[in-house]
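Everything on this sheet refers to the single structure shown next.
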């Protein structure tokens, strides 16, 4: 071998030990990836060869630790992979060799890495099924004690482990601990549960020896430093992990390990051992609290409340968040979670009471949550758990309620008070120094407090709501705006929780009758923007209050319109106006004139952006919508459309001034305002539909009557911009959104357009049109529901759409620019036509192109067209109520495309498709089986087709699968049968994804 | 480090889980990884997705609807809710005719 030359394709050939050693050294040097990969391949080849055993032993003799490590690794790999090549005698010899190596290396200052790898090899050896090595820990201790390999006689009673351990050097004891840890870890690392179960018994047999070792090492004082203790704790930790799995799966008895817990607990008082011990107990409390006995928990409670603990709490409160204090806080919280029932129900126990006090203290540490204070969010999670426990107890307890409940409720009130102080917004001078993560963390804490408030309402009832309202009034009087903001935030959080309307009305009336709105509008007061924003948000949180108390609407709306002038408040105020007008529209009809005037003023303000205009114009349209007759609506709608025309005029000016961006912005604004009006003008979902009412008298009002001119004006605006700048996605989307709300209307209206408008918009689209998929989706939406239109018009529209789709598909093919989104939307549109317009569809010229495209899409890589094509075929292959003539056409189409469809579906299900797509392919297959008489024949032919992708299934499996599918007749179980077949076709190794 | 590594597999059916399975299938198919490795990746996924959803995801939403059916069987709550309106973080609303909520205990029965 020329080990200096790794270039070229030829693999490296190794012949001698020197070459192997050289190559191992090279492996640990920096080098290009290809070279490392090539070296690894060569070394792996050696490891797996029969010579591997010899090389492993020889490499351990090297003076290079990397080479030694590789030698130990080779032993491990050989044991795992080539065990079968050893006879019983060889296996015994191997054990002696491994132990000898341990004895030789253990006190030689060899790096831990090598020794631990040797321990791993011994663990792997021990877990082989047919070895005679029993009581490995005792045997290893004996060997280390004697300094040579002693015979492995399991039945023989030698000296006790404890007497031998005390004679061992620190490195020798560490070897025992590493081996023991390896045993416990191996179960966790084993892949399948079957494999794990196999290990349980063998590993469990070592618990007693491990405990005997740990009982000595965890109290050992004759070894300086904390290494031994840390390794002992880690070993204990690993064995708890093993015990957890074994306890769940095999009901392992935990008592043998439990005597170690008090020994570990002692270390919590020792500064050197503190870190590793805290980690152990936190983990056990979080994941396996059952391991700890009631006595352990009480001892922990005592430790958590001693003077040292109280010092740490005091440090935390001062904002000292170092490793020690934070790990203590996490231990305390983990204890709280594990012992929440005792903490709630036995708060009279001194330690429990003190722990609760400390957990409450964690909510009042210095600093802002998520910024300086890293502990309060975790503490809050405990208090959520505590509150939920109280709620569960409240519902499960019989009357009278338990005595402890009163005190526990009071504690939740204290928690809310502490949280209230924490969520107060700092001044903008502070917040500008925060980065995005800190802002998000602070916001997240506030949301967590929202959750707590919502949960606690069940427990605390109206009292908390009343208290907060009282606090808000106090803050209002004292002009402490950050307090007011925090209180309003809390009241907002309770909006969905409070169900008592009378109480809400009574309390909110006091608040809204106060100077709240007046103060918020008062520019002379330096109120933070956030406080004003939260006050505005409050309006949107309690819409029912304003519905019930319309006298509060004028001052509130006045406040909101005034807020539109403030840049920081405009958007939130606009949204509040929109939601209020939508909810209280019936009470506001008399104010339409005032609203129109407000909008007039508003639209002249430079600070007002398109979003605000869109929201407010929509809000006014919502009020107009409830006017009794169409004639009543005409006037206000005309004025609103005139406002939109101002944007149109503005766009013209921009165009003339060659300000392209302004032109587009005005166009988008105009269209979005119209879209907002259209949406708000739609009949509310909860309105009662009078099926007997005659809608005829007003039916023509907007199309041929007095309103026709206004509707034409709206259409003209849409057409103008759509025609001029349909490459702008916002324009296209907004144009479609003007049309869409009308599709679901049962009664005529300004925004309920004749089908011809949508047809015109769709037909005007080309491949260059932005969001062409959205345009086609709009056509689908129209076909889906347009109850006021005549059947003839709808059929005509459907036919036009389909012809257009076919033209687009053709154009994409010619230009070789297939857009998957357009393909998917086009096929979706065709699928939507099937239930109602199949008669028209099958008469469209060149319809075969649609069938062919959908079949191609079923096998194409793009997901959305594939799903759309599957939906299309699932709809098409079903039975339809058609005339004989139409039935004949559909049957002919199925005869032509049915076999091909089945070939594609079977090919995908037979292993060509991705696993995630199987449910998609299942739908058309189920429908074919259910509705097509020739399905069995088509599927049988598809299974025998030369393009069937798998050789893993033979004719019998195929026949069985087909029979299952046919028997299910399209039932839901088909999906599982398909999944099983896919795995069978791909190979059983693909069954890994689901156990 | 946790004491025992046993997590629900229910997130394997989520979009991200299915995408991962497809990717692993592809890697197994092309011989780039062994199925055993894929199995370990899925086990790691079960753990990570559970932890990340619990610890890192702060997005939230509220929803209202009509509770049609509910059951509690084998420590799993199932709710069928009709006419549901979701209020998302960004104040957008999403509606659905019906939804099914399957809710499992964060810790499996007997593991606590």
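The values are calculated or read from the model by the stated rules, or taken from the named source; none is laboratory data. Please read these numbers as outputs of a predicted model, since none were measured by experiment. Note that each Cβ is placed from the backbone with ideal geometry, even for glycine, and that neighbours are counted across all protein chains shown.
Identify, please: which residue in segment A:232-257 is assigned to a loop (DSSP other than H, G, I, E, B) and without any contact (Cβ under 8 Å) to a residue 24 or more places away in the chain and is, among those, surrounded by the most Cβ atoms within 10 Å (Cβ to Cβ)?
First pass over segment A:232-257, keeping only residues assigned to a loop (DSSP other than H, G, I, E, B): A:251-257.
Then keep just the ones that are without any contact (Cβ under 8 Å) to a residue 24 or more places away in the chain; that gives A:251, A:253, A:255.
Details: A:251: 9, A:253: 13, A:255: 8.
Looking at residues that are assigned to a loop (DSSP other than H, G, I, E, B) and without any contact (Cβ under 8 Å) to a residue 24 or more places away in the chain, I get A:253.
Under the condition of being buried (at least 18 other Cβ atoms within 10 Å of the Cβ) and assigned to a helix (DSSP H, G or I), which residue from segment A:266-278 is nearest to the other protein chains (Cβ to nearest Cβ)?
Filtering first and then ranking leaves A:276.
Considering each residue of segment A:861-881, count those that are within 19 Å of residue A:913 (Cβ to Cβ), more than 29 Å from the chain's Cα centre (by Cα) and not in a helix (DSSP H, G or I), and give that number.
1
Taking segment A:313-329 as the region of interest, how many residues are surrounded by fewer than 20 Cβ atoms within 10 Å (Cβ to Cβ) and closer than 14 Å to residue A:268 by Cβ? Explain how you work it out, then say what you get.
Initially, segment A:313-329 is screened for residues surrounded by fewer than 20 Cβ atoms within 10 Å (Cβ to Cβ), giving A:314-315, A:317-324, A:326-327.
Pick out the ones that are also closer than 14 Å to residue A:268 by Cβ and you get A:324, A:327.
Of the residues in that region, 2 qualify.
Against the conditions (1) within 14 Å of chain B (Cβ to nearest Cβ); (2) surrounded by fewer than 18 Cβ atoms within 10 Å (Cβ to Cβ), where does residue A:915 fall short? Just the number, please.
(2)
Tell me whether segment A:954-963 contains one or more residues that are surrounded by fewer than 18 Cβ atoms within 10 Å (Cβ to Cβ), under 25 Å from residue A:879 (Cβ atoms), away from chain B (no Cβ under 14 Å) and out of contact with any helix residue (DSSP H, G or I) (no Cβ under 7 Å at 6 or more places or on another chain).
Step one: filter segment A:954-963 for residues surrounded by fewer than 18 Cβ atoms within 10 Å (Cβ to Cβ), giving A:954-957, A:959-960, A:963.
When the remaining residues are screened for being under 25 Å from residue A:879 (Cβ atoms), the result is A:963.
Of the ones still in play, those that are also away from chain B (no Cβ under 14 Å) are A:963.
Cutting the leftovers down to out of contact with any helix residue (DSSP H, G or I) (no Cβ under 7 Å at 6 or more places or on another chain) gives us A:963.
Yes, segment A:954-963 contains a residue that is surrounded by fewer than 18 Cβ atoms within 10 Å (Cβ to Cβ), under 25 Å from residue A:879 (Cβ atoms), away from chain B (no Cβ under 14 Å) and out of contact with any helix residue (DSSP H, G or I) (no Cβ under 7 Å at 6 or more places or on another chain).
Among the residues of segment B:18-33, is any in contact with a strand residue (DSSP E or B) (Cβ under 7 Å, 6 or more places away or on another chain), outside any strand (DSSP E or B), more than 12 Å from chain A (Cβ to nearest Cβ) and loosely packed, with under 15 Cβ neighbours inside 10 Å?
no
Does segment A:59-82 hold any residues that are assigned to a helix (DSSP H, G or I), surrounded by fewer than 17 Cβ atoms within 10 Å (Cβ to Cβ) and touching a residue at least 40 places away in the same chain (Cβ under 8 Å), and which are they?
A:65, A:80
So if I check each of A:790, A:765, A:780, which one is out of contact with any strand residue (DSSP E or B) (no Cβ under 8 Å at 6 or more places or on another chain), over 21 Å from residue A:684 (Cα atoms) and surrounded by 20 or more Cβ atoms within 10 Å (Cβ to Cβ)?
A:765
Does segment A:683-690 contain any residue that is at pLDDT below 95 and assigned to a helix (DSSP H, G or I)?
There is no residue in segment A:683-690 that is at pLDDT below 95 and assigned to a helix (DSSP H, G or I).
Kindly evaluate residue A:895 against the criterion of being more than 30 Å from the chain's Cα centre (by Cα) and assigned to a helix (DSSP H, G or I).
Details: more than 30 Å from the chain's Cα centre (by Cα): yes; assigned to a helix (DSSP H, G or I): yes.
When the stated conditions are applied, residue A:895 passes them.
In the list B:50, B:37, B:43, which residue meets the criterion of being within 19 Å of the chain's Cα centre (by Cα), at pLDDT below 95, within 12 Å of another protein chain (Cβ to nearest Cβ) and part of a helix (DSSP H, G or I)?
B:43
State yes or no: is residue A:342 out of contact with any strand residue (DSSP E or B) (no Cβ under 9 Å at 6 or more places or on another chain), assigned by TED's automatic domain parsing to the domain that holds residue A:362, in contact (Cβ under 8 Å) with a residue 40 or more places away in the chain and assigned to a helix (DSSP H, G or I)?
yes
Given the structure, is residue B:59 surrounded by fewer than 16 Cβ atoms within 10 Å (Cβ to Cβ), under 16 Å from the mean Cα position of the chain (by Cα) and part of a loop (DSSP other than H, G, I, E, B)?
Taking the combined requirement at face value, the residue satisfies it.
Looking at segment A:258-265, is at least one residue within 14 Å of chain B (Cβ to nearest Cβ), under 30 Å from the mean Cα position of the chain (by Cα) and either crowded, with 16+ Cβ neighbours inside 10 Å or modelled with pLDDT of 95 or more (or both)?
no
Of the residues A:288, A:281, which single one is touching a helix residue (DSSP H, G or I) at 6+ places or on another chain (Cβ under 7 Å), in contact (Cβ under 8 Å) with a residue 12 or more places away in the chain and either farther than 21 Å from residue A:336 by Cα or at the interface with chain B (Cβ under 9 Å from one of its Cβ atoms) (or both)?
A:288
Right, residue A:311: away from chain B (no Cβ under 12 Å), part of a loop (DSSP other than H, G, I, E, B) and at pLDDT 90 or above or not?
no
Can we say residue B:58 is in contact with a strand residue (DSSP E or B) (Cβ under 6 Å, 6 or more places away or on another chain) and either at pLDDT below 90 or facing another protein chain (nearest Cβ under 10 Å) (or both)?
no
Could you count how many residues in segment A:412-436 are in contact (Cβ under 8 Å) with a residue 40 or more places away in the chain and either within 25 Å of residue A:529 (Cβ to Cβ) or in contact with a strand residue (DSSP E or B) (Cβ under 6 Å, 6 or more places away or on another chain) (or both)?
12
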